[in-house]
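For reference, the structure is listed below as C-alpha cells.
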Amino acid sequence: MFTINYNKYINYMIILYAFALPLSRAGIVLLSVLLLVPWAIKAVVTKRILEIFKLPVVKALLLFLFFNVLSLLWSEHLLSAWDYVLKYWYFLPLVVIATSLEKRYVSVALSAFVLGMFISEILSYGVFFEVWQFNKATIENPTPFMHHIEYSVFLAFTALLVLNHIFNATQLRTKILYSVFFITVSGNLFLTAGRTGQFAFIVGLFVLALVSFKNKIKALGISIILTGVILFVAFSISNTFKERLIIGSENLVNLVEKRDFCTSWGGRVGAWILSKEIILKSPILGEGTTDAMNEFHTLIDKKYPQMRCMHDSFMHVHNQYLQIFVQLGVIGLLLFIFMFYTIFTLEIKKKEYRNIKYIYLAVLLFSMIPEVLLHRQFNMALFAFVIGLLVAQNRIENEI
C-alpha cells in the first residue's frame with residue numbers, strides 16, 4: 001500500500017523553498033502552501049501539534065501574530081486591517097522548518113539558498129553589463145526579482161554568509177572559491193541603489209569579525225581593512241553607489257537648512273516626527289494596523305503642510321520599530337522585541353550556525369531602522385527560512 005513519507009517530502013520542500021526565496025514571488029507562495037498543508041495534516045494525525053509551543057522562538061512569534069489579530073478589535077477599518085494582518089502568514093513556514101528540518105538537510109537547504117542567490121546574481125550582472133534585459137532591472141539598479149531595498153538586504157546577508165564560510169573552511173581550495181563568490185556578491189551589493197543593505201553589510205561585517213576571532217583587536221583590524229577596501233572600490237567603480245551617497249548627504253543638508261521633507265532621508269525624519277505624535281496619542285495599544293497611517297496623513301494635512309509631498313510616497317513610516325509602535329503601541333513593540341530576544345538567546349553549539357544567527361540579526365535589526373522589512377514578502381520569507389533553520393539546528397543539537 002502506498003504511504004506518504006511526510007518527513008522526506010517536507011524536507012525536500014524546504015530545500016526548494018530555500019532555492020526559490022530570491023527568485024520568485026509565486027514560488028514562495030506555492031512552496032509555502034506545499035509546506036504548510038502536509039505539515040498540518042501530519043501534526044494533526046500524530047497529535048503532535050502542541051509540540052510547536054515547546055520552542056521559545058515559535059511561541060514568541062505566535063504571540064506577536066496573535067496580538068496583531070487581537071488589534072483588529074480596536075481598528076476602525078476592519079477589512080483593510082485584516083488584509084494587512086493576513087500578510088503575516090508568510091512567517092508560518094518558520095514553524096514547519098523549525099520542527100521538521102532534519103540534520104542531513106540543514107546544510108543542503110542553506111546551499112540551496114546560496115545557489116538561488118547565485119542565479120539572481122548572474123541575472124543582475126547580465127543586466128548591468130547589458131548582456132540581456134530582465135524584468136524591470138536597469139543598469140543603474142540591476143535588481144532582477146525584487147525591490148532594490150529588499151535585494152540589498154539579501155545580498156548583504158549572503159555576502160556575510162559566504163565570508164563566514166571562508167572563516168570556517170579548512171581547505172585552501174574552498175577558501176579561494178568562496179572568496180571569489182564573496183567578491184562578486186559584495187560587488188553586486190554596491191552596484192544596486194540599496195543603501196539599507198550596504199550599511200547593514202558593514203555593521204554585519206564588524207559583528208562577524210568580532211564573533212569569529214578571539215583576538216578582538218585583530219577582529220577590529222580585519223573589519224576596518226575590509227570595510228575600507230570595499231567602500232573605496234565601490235566608490236571608485238560604482239556610479240550608483242557614489243551618486244546615492246552624494247544624494248543622501250544633500251538630503252540631510254537640505255533637511256537641516258531648508259526643512260525639506262520631500263527627499264528620501266528628509267521624509268524619514270518627517271515620519272519620525274509624525275510617529276511621535278501618534279505614539280503620544282495612543283501609547284499602550286497603538287492606533288491599529290491601518291488606522292495608524294490614516295492618522296499619519298491626517299496629521300500632515302492638519303499640522304504639517306510642508307510634509308504634504310509625503311502623501312504619495314509614505315504608505316508606512318519607513319521604520320519597522322516605529323511602524324509597530326504606532327500600530328500596536330508599547331505592548332506590540334515589546335512583543336516584537338521579545339521575539340528577537342528569544343532568537344538572540346537561542347543556544348547553538350556549532351560555530352558556523354551560531355555566527356549565522358549573529359550576522360542575520362545584525363543585518364536585519366539595522367535594516368529595520370530605515371525600512372519596514374518584515375511586511376515585505378521576500379524578507380518575511382527570508383526571516384522564516386533563516387530563523388526556522390536556526391531553531392531547527394538548536395533542536396537537532398539538543399536531540400543528540
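So is Thr158 surrounded by fewer than 15 Cβ atoms within 10 Å (Cβ to Cβ), of a type outside the set (Phe, Trp, Tyr) and either over 30 Å from Met13 (Cα atoms) or at pLDDT 95 or above (or both) or not? Judged against the criteria, Thr158 is not a match.
The helices (runs of 4 or more DSSP H) found wholly in the range 14-86 and carrying at least 1 residues that are in contact with a helix residue (DSSP H, G or I) (Cβ under 9 Å, 6 or more places away or on another chain) and modelled with pLDDT of 95 or more occupy 25-45, 56-70. The residue that is modelled with the highest pLDDT, among those in the range 180-221 that are farther than 25 Å from Ile139 by Cα and among the small types (Gly, Ala, Ser), is Gly204. Of the residues making up the range 296-343, those that are touching a Lys or Arg at 6+ places or on another chain (Cβ under 9 Å) and surrounded by fewer than 17 Cβ atoms within 10 Å (Cβ to Cβ) are Asp301, Gln306. Only residues that are more than 25 Å from the chain's Cα centre (by Cα) and surrounded by 14 or more Cβ atoms within 10 Å (Cβ to Cβ) were counted in the range 223-249, giving 1. Of all residues in the range 274-291 being of a type outside the set (D, E, K, R) and over 15 Å from Ala81 (Cα atoms), which is surrounded by the most Cβ atoms within 10 Å (Cβ to Cβ)? Step by step, filter the range 274-291, then rank; the result is Leu274.
Is it true that Ser107 is under 25 Å from Thr227 (Cα atoms) and either in a helix (DSSP H, G or I) or among the β-branched types (Val, Ile, Thr) (or both)? When the stated conditions are applied, Ser107 does not pass them. The sole residue among Ile183, Ile202 that is without any contact (Cβ under 8 Å) to a residue 60 or more places away in the chain and either closer than 16 Å to Ala362 by Cβ or over 22 Å from the mean Cα position of the chain (by Cα) (or both) is Ile202.
Residues in the range 219-227 include none that are over 30 Å from Lys357 (Cα atoms), in contact with a helix residue (DSSP H, G or I) (Cβ under 8 Å, 6 or more places away or on another chain), touching a residue at least 12 places away in the same chain (Cβ under 8 Å) and part of a helix (DSSP H, G or I).
Being more than 24 Å from the chain's Cα centre (by Cα), within 21 Å of Leu31 (Cα to Cα) and not aromatic (Phe, Trp, Tyr), is that true of even one residue in the range 62-85? Checking the range 62-85: not a single residue is more than 24 Å from the chain's Cα centre (by Cα), within 21 Å of Leu31 (Cα to Cα) and not aromatic (Phe, Trp, Tyr). Has the range 374-391 got any residue that is of a type in the set (S, T, N, Q), surrounded by fewer than 20 Cβ atoms within 10 Å (Cβ to Cβ) and in contact with a helix residue (DSSP H, G or I) (Cβ under 7 Å, 6 or more places away or on another chain)? Checked against the condition, which is being of a type in the set (S, T, N, Q), surrounded by fewer than 20 Cβ atoms within 10 Å (Cβ to Cβ) and in contact with a helix residue (DSSP H, G or I) (Cβ under 7 Å, 6 or more places away or on another chain), the range 374-391 yields at least one hit. Within the range 45-75, the set of residues being over 28 Å from Ala292 (Cα atoms) and among the charged types (D, E, K, R) comprises Lys47, Arg48, Glu51, Lys54.
Restricting attention to the range 156-171, the residues that are out of contact with any Phe, Trp or Tyr (no Cβ under 7 Å at 6 or more places or on another chain), among the β-branched types (Val, Ile, Thr) and assigned to a helix (DSSP H, G or I) total 1.
When Phe235 is tested against (1) of a type outside the set (Asp, Glu); (2) at pLDDT below 85; (3) closer than 22 Å to Gln323 by Cα, just one condition goes unmet, and that condition is (3).
Taking the criterion of being part of a helix (DSSP H, G or I), among the small types (Gly, Ala, Ser) and either in contact (Cβ under 8 Å) with a residue 24 or more places away in the chain or surrounded by 21 or more Cβ atoms within 10 Å (Cβ to Cβ) (or both), the residues of the range 119-155 that qualify are Ser120, Ser124, Ser152.
Kindly indicate the residue of the range 362-372 that is within 24 Å of Thr289 (Cα to Cα), in contact (Cβ under 8 Å) with a residue 60 or more places away in the chain and surrounded by 22 or more Cβ atoms within 10 Å (Cβ to Cβ) and also farthest from the chain's Cα centre (by Cα) among those meeting that condition. Among residues in the range 362-372 that are within 24 Å of Thr289 (Cα to Cα), in contact (Cβ under 8 Å) with a residue 60 or more places away in the chain and surrounded by 22 or more Cβ atoms within 10 Å (Cβ to Cβ), the one farthest from the chain's Cα centre (by Cα) is Glu371. Number of residues in the range 28-37 that are of a type in the set (Gly, Ala, Ser) and under 13 Å from Met146 (Cα atoms) equals 0. Residues that are within 24 Å of the chain's Cα centre (by Cα), at pLDDT 90 or above, surrounded by 15 or more Cβ atoms within 10 Å (Cβ to Cβ) and within 18 Å of Arg25 (Cβ to Cβ) are absent from the range 96-109 altogether.
When the test is whether a residue is free of Cβ contacts under 8 Å to residues at least 24 places away in the same chain, more than 17 Å from Leu101 (Cα to Cα) and among the aliphatic types (A, V, I, L, M), Leu50 passes it.
Of the residues screened, Gly329 is not one that is farther than 30 Å from Ser75 by Cα and in contact with a helix residue (DSSP H, G or I) (Cβ under 9 Å, 6 or more places away or on another chain).
The values are calculated or read from the model by the stated rules, or taken from the named source; none is laboratory data. Quick caveat: nothing in here was measured; it's all calculated off a predicted structure. Neighbour counts are summed over all protein chains in view; Cβ atoms, including those assigned to glycine, are modelled from backbone coordinates with ideal geometry.
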